[in-house]
Structure formats: C-alpha cells, structure tokens
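Notes to accompany the following structure.
The values are calculated or read from the model by the stated rules, or taken from the named source; none is laboratory data. Everything numeric here is computed off the predicted structure, so don't read it as measured data. All Cβ positions, even for glycine, are placed from backbone atoms using ideal geometry, and neighbour counts span all protein chains on display.
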Amino acid sequence: MSDVFLFGVLPYVSLMLFFVVTIQRYRQRKFSYSSLSTQFLENRRHFWASVPFHYGVLAVLAGHVVAFLAPSVVLGWNAAAVRLYALEITGLALGLLTVVGFVATVVRRLGDARLRRVSTRGDWLLYGLLLLQLSSGVAIAYFHGWGSSWFASSATPWLRSLLRLAPDVSYVAPLPWVVKLHFVNAWVLIGFFPFTRLVHVLVVPNMYLWRRPQLVLWNRRERHDAGAAARRAVSA
Amino acid sequence: MDVRSQIAMVFHLDKCIGCHTCSIACKNVWTDREGTEYMWWNNVETKPGTGYPTKWEDQNEYRGGWESDGSRLSLRSTGKARIVPNIFHNPSMPSMDDYYEPWTYDYKALFDSAEGDDQPVARPISMVTGKPLDIEAGPNWDDDLGGSPIYAANDPNLAALTPNQRLQLMSIERLVFFYLPRICNHCLNPACVAACPSGALYKRGEDGIVLVNQQVCRAWRACVAACPYKKTYYNWATGKSEKCILCFPRLETGQAPACFHSCVGRIRYLGNVLYDASMLPEIAHLRDEELVLAQRRMILDPHDPAVLEGARRNGIHDGIVDSAQRSPVYRFVKEFGLGLPPHVEYRTFPMLFYVPPLLPVMSSKENDVADNCTDDLFADIEKARVPIAYLGSLFGGGNEGVVRYALRKQWAVRLARRHLTVGDVTREAAARALAEADCSWEQADAIYRLTALAGMEERCVIPPFQREMAIEMMEDPHLHRSSVGFGFRAAPVRGV
C-alpha cells in the first residue's frame, strides 16, 4: 500500500470513525460505556496486571503528547547526549512497564475461567492490536536511538499537516519500517477505539474531586416551592 | 431546620423466623439475571455468624463507611485523595470469593445418563464459568449455625464480649442465634454515593431512596468498597453496580416492596419520617456511643407545628406529611424507642431500624437436672442468652444503654399482656415493670397492637409520592413518545 494511503488517507478514516462512532455510541448506547472491570472476578493478579499497564501507558502517552505539542522543547532537551540518553532510557523503561502490565493482563485473562467468560472477540482483537503497538514502540525505543527526536522532527510536522488538512507524507516516508508500523497501527487502533472497551478512557470522572460528597437529586424542587407558595396564597 | 422526608424501615427481630421468603421474593423480582445471580439485595443472616459477604462487619478488612477525626468525615475505603491513584485497582474491593460463586445443577444429566449400576447425579455447575464446581460457600452458608466454631465464633461483634461471655455463647446449653434480615439501609449519609467517581449513585430528594444510574455507572467499583453493609453489588456481566431499589416502582404504585409484602412473620414496617437534614454535619462527629440517640434526634415530630411549617417551606406535600404522621417507623423509633440502627458507628446513618430480639432463657440444666424456668420467663433481661454487649455492638454503636432500654420495654409489654390475658402476673408487678421501662399502659397497648395485630396497611404506610411518574407527567406526552419510545433505546447489554 502506498504511503499516501497509509499516512494521508487512513488517518482521516480513523479519525472519522473515532468521532462519529464515539459520539453516536455515547448518545444512543450510553449503557455500554463502562470500564468493564474484572477485579471482582479475580482480585489478586489484577493488581499486578492493571496497575503497571495503566500507569505505564499513561506515562508513555503523555510523552507522545508533549512531543506533539512542544517539539522544540524535546529537540532542545535532546541536544545534549546525556539528556537524550536519560529521556530514551526513561521512555524505554516506561514502555517495558507497560509491556509487563500488558503481558500480565493477557496471562491473567487466559488463565482464569471466570475471566475467559467475560472476554469477547473484540477484547482479543484489541489485545492483538495493543501487542503490535507496544512491541513496535519498544522496538523503536531500543533499536532506534534518536526516536524521541524523530517524533519531534518528523512525526509532529506530519501530524500537524494532517490537522491542517494538507497531509504531507514526505515527513514520514523515509522512516524505518518499524516506525511506520507503529504509526499505521496507531491509526488502526484509533479507528477501532469506539468499537471496544477503550471508550472508558473518555469517561474518566473529572468532576468528582470538586463535587460535594452527597448527591441528592430533586424532581424539580422549585415547582413544589411554587406550588406551596400558591397554596399558601390561596389559604391566606 | 431543613425538613426532608425519608422512607424508613423497621425490622422486628423478635418476630423473624428466618424463612428467607423475603430473599426469594427479591431474587425472583430483581436479581435472576446474568451477572446478578450472586447478589442478594435482601439476605437473611444468622447471628452470631459471619454473614454475607463473609465477615462484612469487619471494617479493618473491608474498609467500608466513614471515619471522623472530630471535624472532618472521610471514607475509609477510597476518599477523594485516594481514589485517583487507586482507580486502576481498588485496594478495598471485595471479590466474588468473599460472597460465593453462584451455581445451578446439571439437571439434564438426570434424564440423559445412560442406564447403569449407579444413580445419575446432577452435578453443581458454576453460573459464571459453566464448569463443574465444588461448592464451598453460599449466601446463607452458616444458616442456624449459632454455636459453630467456624462461623459464629468469627462474628466480628464478639470482640465486644469478655472471653468468658464468648465461651458461654459457644457452650451447648447456651447456644443461641437469631436472624438478621438485611437490605440496603438507604442511609442519610450514604458512603456509596459519596464514593462514586462518576456520580452515578444518588439519593432521591423526595423520599431518600438511594439508586444507581445505570447509564452513568462506569464500573469504578468505589461504591462496593465504600458501603460498610456491602449492599451495593457489582454486576460482572454488564459492568455496572446494582443495589436494592426499595422496589420504587411498587412503592410508586402504592404497593409495599416485594420483601415487605411477602414477609411471613410480618416483621417489616415501612413508612416515611420527617428529619432535619441540617443536623447531619454536626452529629456526624459525635462519639460512637452517642450516635444512636443523635440520629433519633434528627427525626422530627410530624405533629409539631414548627416542623409542619418547615415541611411546608421545603415544599413537602401535605399527603407526605399525613403519611409521616401515620408512620409505624416513627412510632417504633421515636415514640417507643425500640428501633435501633445497625452499626451506626459506620456513620452512614442507616434508615433501617431493628427492634432487638429478647431471647429469654427457657430452661437450663445443672448437674443432670433440667430446670424449666418458664414460670420466670422474663425475669431479667440481663440473663438473656445473647449478652447485651453483643447487641450493643450490633445495634448501639457500643452503647448498651439503648439496647437495654429497648429490651426492658419489650419485656414490660409482655408482662403487661401476660397480666391482661393470662392473669398470672399481678397488676402491681406489671405496673412496676412498665414504670421501670419508661412505658405507660397506653404505650404498652400501642406497642402490642403495632407488634402483634397490625395489618398490612398499618405496617406499610406508603407515602403518596409518585416521583418517576411525576417526571413523565411534566413532559409533553407526544414529545416524549416521539423522542424516547418505550423503555431503553438500547437493551442494557454489556459493552464491548
């Protein structure tokens, strides 16, 4: 497949699917938005699977976001070799943490009859995509030094060209195949996202820390007040 | 004064025969779906016993409810500061093994087995995995095992007893148990609501029923960990939490909840009470022993003109006030002082109250001589088979005084009835007992009537508030029909 399709068309298809289906699902099948936690069915290994995976993947994604939003910062940081090594080793460590959590998740799911009961084909397909994404990501971090600089110097301009609706695939065309695989699979994941349990990422609670502890819902209290006032007026 | 109405309940434990009819009624109506098989929104436990889920009262393990440092209340499980780092793995979450793995039997084998020398058997099959299962626990696994060294001996309430009292409880002549039916307490300060990161749980303003919005629940499971009574449950099939809804569709059509309606022993009373919500922040920090009476102070006299004015100001309908005035719960809890909240020290302020059981000693045996002591059946509540300290731990927040008061009054009422119907207790003796129990002859009669004679309409005074129906009525029906259709727009099935 040509680079134009993979890096110039596929991203739009994926983003389209992502937005349309996510919104449609939230509006019409809100019930299906759930983290579908399995901690209740298996509580011991859950810790060693879920915690490293989530913390690892969040940290890694945060690194990607920084490189996308502030590429000059990353390039400036990488100007000194020591700092580059520090960044790449940190990235690799976080990637490996994610992989450890991911492997533990899959092993846990395969090894427990209760968990197999609540695992769908969509889950396994998602695991396949995540495996590809994580292994290609770790491979980049390990085999390709300067990976973080490439993101800032090649991927970020390409992603920004996508946002400007003027895709310029020449930024990413000369990159090694494993990096391209990482990109393509990322778009496949984004397109697949709204069809999977991944949607729970979008509904992480954000108001909880600021709301009052108790939630009391009244059925239009002001109406009752108005009614009571009217009654008082009549009886007076 | 912030007057609110709350549907409250009283379970009269002296009348409970432990038949589990309530549990079955509830199960058949609400929890016979996939993922809910293990849930018993209503369950009946044997006390002393470990209960369901096992040892739910041990908050050092389950970490449910609130704790107060004198000025601030915080959740013991995962309050605001702790839910963020723990959202991926809730450290206080019970697992299915703390409840039990639900099962059915392979009945088909009884018909399909080939002819042979052995009888065919129906093996137990897990309702989660579908595979054969060795049954090791169930929802009422320690039913009636009052003296069991495995179950009763591990009751967390026994910590309140002296070693000697504990030994006595286990000795064969003094074996004792009673039943504790449990449903969601629809608390005034619910820990489940406060714990939910999504804000899916809420308390209905008009009647105080606590519900989970299934469309908003995201399976962060904080409610399950936070509820000290373990009355919110995680549906593993849909990935949503569920709990007792107090049969609100029945209530709103004037019917008692299924467990109340089906109760064979007629132990269940339901009615709304008016309470002062503004007192809550202040009494939530009192010492454990003060909480029972403090919660009772929150419940307001529905005949007091000041309360009526406060109710009117808050828009509480006259019909609701009227049913509060006839509420059997108000009478048991406030007038009689017999209804006690379970484990009030969890500081959720449960609105389900229990009348503690008397459990007198019927006969004793010493040196091979059996002594029938029915002549002196109600001689002394201190000699009852369950130590007051045990009931104090369960129903008094450690305060034995409130338990003693409730038992003494019940005992006095029995003496008064004995005087009136059998006549072997003198009027003087009955009058003395009543006076000691802070009970008039009129009140004794009222207690007797409400305990023994009350019909369905007196036991369950259902306030005429049709909340969900009222929501529908506020919408244009044509608009409603064209925009919603019937029920869920999509079936409540597990997401992928």
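I'd like to check something: does region B:255-274 contain any residue that is more than 25 Å from B:Ala25 (Cβ to Cβ) and at pLDDT 95 or above? Show your work before the answer.
In the first step, residues of region B:255-274 are kept if they are more than 25 Å from B:Ala25 (Cβ to Cβ); the result is B:274.
Pick out the ones that are also at pLDDT 95 or above and you get B:274.
Taking every residue of region B:255-274 in turn, at least one turns out to be more than 25 Å from B:Ala25 (Cβ to Cβ) and at pLDDT 95 or above.
Which of the residues spanning region A:160-215 are among the charged types (D, E, K, R) and closer than 30 Å to B:Arg82 by Cα?
The answer is A:Arg197, A:Arg211, A:Arg212.
(1) within 14 Å of chain A (Cβ to nearest Cβ); (2) surrounded by 16 or more Cβ atoms within 10 Å (Cβ to Cβ): which one isn't true of B:Pro132, the others all being true?
So the condition that B:Pro132 fails would be (2).
Out of all the residues in region A:139-160, which are farther than 16 Å from A:Gly8 by Cβ, buried (at least 18 other Cβ atoms within 10 Å of the Cβ) and among the aliphatic types (A, V, I, L, M)?
Correct list: A:Ile140, A:Ala141, A:Ala152.
Looking only at residues that are within 7 Å of another protein chain (Cβ to nearest Cβ) and closer than 18 Å to B:Ala222 by Cβ in region A:181-211, which one is surrounded by the fewest Cβ atoms within 10 Å (Cβ to Cβ)?
The extreme case among them is A:Met207.
Of all the residues that make up region B:56-70, how many are in contact (Cβ under 8 Å) with a residue 12 or more places away in the chain and not in a helix (DSSP H, G or I)?
Going through region B:56-70 one residue at a time, the tally reaches 10.
Can we say B:Val216 is part of a loop (DSSP other than H, G, I, E, B) and more than 7 Å from every other protein chain (Cβ to nearest Cβ)? Reasoning before the result, please.
Numbers: part of a loop (DSSP other than H, G, I, E, B): yes; more than 7 Å from every other protein chain (Cβ to nearest Cβ): yes.
Yes, satisfied.
Taking B:His186 as meeting all but one of (1) part of a loop (DSSP other than H, G, I, E, B); (2) closer than 30 Å to A:Trp218 by Cβ; (3) touching a Phe, Trp or Tyr at 6+ places or on another chain (Cβ under 9 Å), write down the number of the exception.
(3)
Considering each residue of region B:80-96, count those that are in contact (Cβ under 8 Å) with a residue 12 or more places away in the chain and either buried (at least 18 other Cβ atoms within 10 Å of the Cβ) or part of a helix (DSSP H, G or I) (or both), and give that number.
Step one: filter region B:80-96 for residues in contact (Cβ under 8 Å) with a residue 12 or more places away in the chain, giving B:83, B:87, B:90-94, B:96.
From what's left, either buried (at least 18 other Cβ atoms within 10 Å of the Cβ) or part of a helix (DSSP H, G or I) (or both): B:83, B:87, B:90, B:92-94, B:96.
Count: 7.
Just give me the residues in region B:275-316 being basic (Lys, Arg) and more than 23 Å from B:Glu206 (Cβ to Cβ), in sequence order.
Answer for region B:275-316, where residues must be basic (Lys, Arg) and more than 23 Å from B:Glu206 (Cβ to Cβ): just B:Arg287.
Does B:Ala406 fit the bill of being surrounded by 20 or more Cβ atoms within 10 Å (Cβ to Cβ) and in contact with a helix residue (DSSP H, G or I) (Cβ under 6 Å, 6 or more places away or on another chain)?
Answer is no for this residue.
Is there a residue being within 20 Å of B:Gln215 (Cβ to Cβ), within 14 Å of chain A (Cβ to nearest Cβ), of a type in the set (S, T, N, Q) and out of contact with any Ser or Thr (no Cβ under 6 Å at 6 or more places or on another chain) anywhere in region B:239-257?
No; the residues of region B:239-257 include none that is within 20 Å of B:Gln215 (Cβ to Cβ), within 14 Å of chain A (Cβ to nearest Cβ), of a type in the set (S, T, N, Q) and out of contact with any Ser or Thr (no Cβ under 6 Å at 6 or more places or on another chain).
Quick one: in region A:212-236, which of the residues that are surrounded by 15 or more Cβ atoms within 10 Å (Cβ to Cβ) and polar (S, T, N, Q) is modelled with the highest pLDDT?
A:Gln214
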